[in-house]
Amino acid sequence: MREIFGSELQELHTRFSEMGMMVNEAIYNAVKAFVDHDRELAQKVINNDNQINAREVDLEQRSFEMIALQQPVTSDLRMIVTIMKASSDLERMGDHAVSIARSTIRVKGNPRVPEIEADIAKMARFVEKMVTAILDAYVKTDAKKAKKIAGQDKKVNQAFQDIYTDCIKQMQQSPETVIGSSDYMMVASYLERIGDYVTNLSEWIIYLKTNKIVELNNNDNERM
């Protein structure tokens, strides 16, 4: 029975890692679609979101079944709880990728501002690297790396503030860019939220490694 449980736990871990790769690809494609003005790629991101949602439901069901039927010991239970919670964060990150894709479709044909788009692309590349790094930290259960990645979210927040300020100025100077600039602000806000969810994932990795629930980017105070 223990060997069967170990196999099921490894399968859960593998399927979560696959979900992470699916979400990372969605974010990458959503940003690429926005920067390249590619409505077809944006629609692909929207269409593929059902797969991410289905994977979260699958992970949740598997987790509940393992808890109910196997009565895992503390360390194994911690991994199951981490996957349940972290998969929910991944699903929300996927939702924000969809929102970016929808903005790509909306903004098509409206006056655009290349300078702001360049800043959004730079912000997006930084967020993508954070997502890739946090998934690697999860696979390696690297709590130290997870905490370092969470600290990078401050740069994401600042990038959002800078883009927001530039969009307001642009709308005041050129009223014809109001619709496009509004979407720029929304895309930047979606990227900022993805950064927040990376921080959440960092907290769950630390919990998995140390059995301590901490709140990062908030004076690093422990909640337990």
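Once you have the Cα-Cα distance between residue 141 and residue 217, take 0.36 nm times their residue separation minus that, and quote the gain in nm to one decimal.
Result: 25.4 nm gained on full extension.
Evaluate 2.2 N^0.38 Å with N set to the residue count of the stretch 162-205, then give the Cα radius of gyration divided by it.
1.52
Keeping every protein chain in place, order 103, 17 by accessible area at 1.4 Å, biggest value first, i.e. largest first.
Putting 103, 17 in descending order of accessible area: 17, 103.
Would you kindly give the portion of the calculated P(r) for the stretch 125-224 that falls above 22 Å, as a percent of all Cα pairs?
39
Run the quick spin-label model on residue 77 and residue 3: label points 7 Å from Cα toward the beta carbon, then report their separation in nm to one decimal.
According to this spin-label approximation, the distance is 2.7 nm.
What FRET efficiency comes out for residue 154 versus residue 210 if R0 is 30 angstrom and r is the Cβ-Cβ distance? Round to the nearest 0.05.
So, using R0 = 30 Å, E works out to roughly 0.85.
Whole number in Å², please: accessible area per residue of the stretch 1-144, 1.4 Å probe, ligands, DNA and RNA not counted.
51
Starting from 0.36 nm per residue, how many nanometres of slack lie between residue 85 and residue 69 once their C-alpha separation is accounted for?
Between residue 85 and residue 69, full extension yields an extra 3.8 nm.
Would you be so kind as to identify which of 120, 217, 194 lies farthest towards the positive end of the dipole of the chain, taking Lys and Arg as +1 and Asp and Glu as -1 on Cβ and the Cα centre as origin?
Projecting each Cα onto the dipole axis, the largest value belongs to 217.
Could you work out how far apart the two model spin labels at residue 178 and residue 165 are, taking each label as a point 7 Å from the Cα in the direction of the beta carbon, and quote it in nm?
Simple spin-label model gives 2.4 nm for this pair.
The values are calculated or read from the model by the stated rules, or taken from the named source; none is laboratory data. Predicted model, so just to flag it, every value in this text is computed and none were measured. Positions of Cβ are backbone-derived with ideal geometry, glycine not excepted, and every protein chain shown enters the neighbour counts. In case anyone asks, the SASA skips ligands and DNA or RNA and just uses the protein heavy atoms, side chains included. Shrake-Rupley method; radii C 1.70, N 1.55, O 1.52, S 1.80 Å.
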